[in-house]
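Derivation of every value follows stated rules applied to the coordinates shown; laboratory data play no part. Quick caveat, the model's predicted, so the values are computed rather than measured. Note: ideal-geometry Cβ built from the backbone for every residue, glycine included; neighbour counts use all protein chains shown.
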Amino acid sequence: MARTSSSFDVRPSRLLIAFAVLFIAVYALVFFTGDHKPQPKLGIDLQGGTSVTLQAVTPNGAAPDQASLQKAQEIINKRVNGLGVSGSTVQINGSNLVITVPGQNGDQARALGQTARLYIRPVIQVGAAQPAKPGTPTPAVPDMTDPEQAKAVIATAKATRQSTDAATQKKAMAALNCALPDPLAGNDDPKLPLVACSQDHTEVYVLGPSIIDGQQITGAASGFDQQGGQYIVTVDFDSAASDFWADYTGKHIGTATAFVLDSQVVSAPTIQSAIPGGRTQVTGNFTASTASDLANVLKYGSLPLSFKPSTAQTVSATLGFASLKAGLFAGLIGLILVMIYAFAYYRALGFLTGLSLLLSGLMVYGLLVLLGRWMGYSLDLAGIAGLIIGIGMTADSFVVYFERIKDEIRDGRTFRSAVPRGWARARRTIWTGNAVSFLAAAVLYILAAGDVRGFAFTLGLTTILDIVVVFLVTHPLVHYASRTDLFSRPSMNGLGAIQRVAREQRSAAAATQTRAQATAGASTTEEV
């Protein structure tokens, strides 16, 4: 006997178990990792955010050119994407850049504006930073936005802190106030010595000219050093810097070398042995967040300009919680209407549709929580629109499947035999439809920017989950339903009318065939 097309490559129970394992794994991560809060991060348009204006500072005090500003905007955008900060914006405003990120913490926005000019310099001398004497008035902070004043301040700082004279260097160490903003941040000359503070403002260093430029960095990543018990940043150099670094560390064992970022010493470790391979570690007083931020700014390169960050300002939500409620309410109304239609048209099969949509929605929610926790993804109103449309497309897949079952019943098959044949016809259509939808979402995500990317991301995510739910949940449930007496009843599965039409068509075809045979027999009798 010919073998019919199988609807399963594996048993339906195993497919349901596979989905159950995925579901449990997602929510185990939601409730037992991170901050344990089962709620996604919200975008600027729903929860507000923090805005930081970066004021450009040039060595000669002149206004920055637009080409440099646009290059800086491009690099900061890459840093934003590298941190996974969804919903952020980087805009040019005159001679400044304005960075807006979701949430109320401006530290991340300020870190994105680091010039990230990293140099490796030999340590010549180190001493404790001089604390301010009690009663000493705080020096006035120069206005670095005034071109003439900025030019004079940077020139004075270079003359004292980048002098080649040892006596001048000693005086600069004693006079340097590490608590004040550094006018040389990102503006120091790497070919000259440098008097610089440590990032924690506790030490002052005299450093030699740079031996490796940060532009020779090919990659950077953060991590936790189990042996040292601290967070570190791993830096990879190009081939030329790798060869030099291996040779230099081999010849200078026992001496200290400083990693200087934007004119501040991040760390100054003592060389213990030669470091071959082009990879080295930067240590310091890092947390997981600061190590990740530093790796991110180093990975995407130095900014062509130095920036002075202003005070972070809170940005109120443009749409707010009321708009979030309105969007979710609209989605709920649409879902209820879909369910009413499904129950009225498919009856008990509509119940399976509702269960599948519920599981799909819960999976989407859990993944959004994890994406916000691990990648910084923020859900905005455009993303909610993508979710609603994506879940609606999931309902379309159910309709395609059920209509194929009805086609098989019209051909005279029972509900039980129609399910595997209907699935064999429907799954290719479901694959094709979702593939087109995912491709469109991917192209839109790559080419678009801003809120449109949030829409494309959630649309692509729900498209993938549509495939998962239809194949691992809906079809196995329909398979089992077709083998139960309850769901096989026409009054329950809503297929009674189709079955009556099929019987009537078969009766009409049989009657037509009988009449045709009778007519043919009469004609034969007359001829005889």
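Mind checking which lysines have their C-alpha under 29 Å from Lys171, skipping anything on the same chain fewer than 8 residues away?
Those lysines meeting the cut-off are Lys133, Lys151, Lys158, Lys191, Lys308.
How large is ³J(HN,Hα), in whole Hz, for each residue of the stretch 370-387 in order, when computed from phi with the Karplus curve 6.51 cos²θ - 1.76 cosθ + 1.60 and θ = phi - 60°, using x for Gly and Pro?
5, 5, x, 6, 9, 10, x, 5, 10, 7, 10, 5, 5, x, 5, 4, x, 5
Calculate one ³J(HN,Hα) per residue across the stretch 70-75 by plugging θ = phi - 60° into the Karplus curve 6.51 cos²θ - 1.76 cosθ + 1.60, and present them in order as whole Hz with x for glycine and proline.
5, 5, 5, 4, 5, 5
Hey, if you drop one equal point scatterer on each alpha-carbon of the stretch 149-298 and run the Debye formula without solvent, what base-10 log of I(q)/I(0) do you get at q = 0.14 Å⁻¹?
-0.73
Take the alpha carbon atoms of the stretch 154-171, find their center, do the same for the stretch 367-436, and report the distance between the two centers in whole angstrom.
Centre-to-centre distance over Cα atoms comes out at 70 Å.
If you take the square roots of the eigenvalues of the alpha-carbon gyration tensor of the stretch 397-474 and sort them as a ≥ b ≥ c, do you get rounded (a/c under 1.5), prolate (a/b over b/c) or oblate?
prolate
Quick check: residue separation of His201 and Ala63 times 0.36 nm, minus the Cα distance between them. What number comes out in nm?
Extending this stretch completely gives an extra 46.7 nm.
Give me, ordered by chain and number, the residues 5 or more places off Tyr231 or on other chains with an amide H under 5 Å from its own placed amide H.
Amide H neighbours of Tyr231, under 5 Å, 5+ apart: Asp225, Phe286.
Could you pull the Rg and Dmax for the stretch 340-411, using just the Cα atoms, both in Å?
Both quantities, over Cα of the stretch 340-411: 15.7, 53 Å.
Can you run phi through the Karplus equation (6.51, -1.76, 1.60; θ = phi - 60°) for the stretch 393-407 and list ³J(HN,Hα) in whole Hz, with x for Gly and Pro?
5, 4, 4, 4, 5, 5, 4, 4, 5, 5, 5, 5, 4, 5, 4
What are the lysines whose alpha-carbon lies under 29 Å from the alpha-carbon of Lys406, with same-chain residues fewer than 8 places away excluded?
none
Using Cβ contacts closer than 10 Å as the measure, can you line up Met173, Met393 from fewest to most?
Met393, Met173
Tell me, what is the FRET efficiency for Val452 and Asn93 to the nearest 0.05, using R0 = 30 angstrom and their Cβ-Cβ distance as r?
After rounding to 0.05, the efficiency reads 0.85.
For the stretch 174-250, what class follows from the C-alpha gyration tensor (a ≥ b ≥ c being the square roots of its eigenvalues): rounded when a/c is under 1.5, otherwise prolate if a/b is larger than b/c, else oblate?
oblate
Give the long-range amide H neighbours of Glu203: residues separated by 5 or more places, or on another chain, with amide H under 5 Å away, using H modelled in the peptide plane at 1.01 Å from N.
Amide H neighbours of Glu203, under 5 Å, 5+ apart: Ala129, Ser198.
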